[in-house]
Amino acid sequence: MTVEEFRDLIRPIAAIILGKPLEAQLAEEMNHRFPADSPTFRAIEGACRQAIKAGWMCSEGGDGRRFGRVIEAGPLTSGLSVDVVDLDDTSGPHHRHPTGEICLIMPQSSAARFDGHGAGWCVFEPGSAHTPTVTEGRALVLYMLPEGRIEFSE
């Protein structure tokens, strides 16, 4: 799995998101189109695992919290950046989403939850903020940011 192959895997997902309001309805649509047991969900999860093992994804941070930007926002991803975090019963830094955030939660422990969500998609509206937290185990979280915009408070 290369960065280019990973980007090609994400491109159709990004195209679906393009132009839609970042709100709960989008999360519902994404969970309907690409549920946790779908081939697309499994392909993305498998690609993330391969890329982490290869060392080019989640290459920053330390035990319990690894992270990294995988793709900068641009036309090939409909203006979305793509980051992936690997959290194990821990929290990341508090931040704000000026343009919103679309997350794909991939539990690596069966009971793992990201901000209270299990496997699947969640959407944070523009202007929202949170301290991203994984409880009850380990999860990979892929998140897409319109224009790559994020504002860290810590």
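Bear in mind these aren't lab numbers, they're just calculated from the coordinates by the rules spelled out. Keep in mind it's a predicted model, so treat the numbers as computed, not measured. Note that we place each Cβ from the backbone using ideal geometry, even for glycine, and neighbour counts take in every protein chain shown.
Quick rundown of the values:
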{"read-out": "Among residues of the range 124-142, those that are part of a strand (DSSP E or B), touching a His at 6+ places or on another chain (Cβ under 9 Å) and surrounded by 18 or more Cβ atoms within 10 Å (Cβ to Cβ), counted", "value": "1"}
{"read-out": "Restricting the range 50-90 to residues that are in contact with a helix residue (DSSP H, G or I) (Cβ under 7 Å, 6 or more places away or on another chain) and in a loop (DSSP other than H, G, I, E, B), the residue that is surrounded by the most Cβ atoms within 10 Å (Cβ to Cβ)", "value": "MET57"}
{"read-out": "Test: ARG11 is more than 24 Å from SER110 (Cβ to Cβ), surrounded by fewer than 20 Cβ atoms within 10 Å (Cβ to Cβ) and charged (D, E, K, R)", "value": "yes"}
{"read-out": "Candidate set: the range 1-49, residues that are among the small types (Gly, Ala, Ser) and not in a helix (DSSP H, G or I); chosen: the one nearest to VAL141 (Cα to Cα)", "value": "ALA36"}
{"read-out": "Qualifying residue in the range 107-123 (condition: in a helix (DSSP H, G or I), crowded, with 21+ Cβ neighbours inside 10 Å, touching a strand residue (DSSP E or B) at 6+ places or on another chain (Cβ under 7 Å) and of a type outside the set (Asp, Glu))", "value": "no"}
{"read-out": "Cβ pairs under 9 Å, 6+ apart, first in the range 22-38 and within 25 Å of GLY127 (Cα to Cα), second among the acidic types (Asp, Glu)", "value": "LEU22/GLU101; LEU22/GLU125; GLU23/GLU125; ALA24/GLU125"}
{"read-out": "Any pair with Cβ under 6 angstrom, 6 or more apart, that starts in the range 117-131 at a residue that is more than 19 Å from GLU147 (Cα to Cα) and ends at one that is small (Gly, Ala, Ser)", "value": "ALA119/ALA36; GLY120/ALA36; TRP121/ALA27; THR131/SER91"}
{"read-out": "The range 91-106 - residue that is part of a strand (DSSP E or B) and touching a Pro at 6+ places or on another chain (Cβ under 9 Å) and, of those, surrounded by the most Cβ atoms within 10 Å (Cβ to Cβ)", "value": "GLU101"}
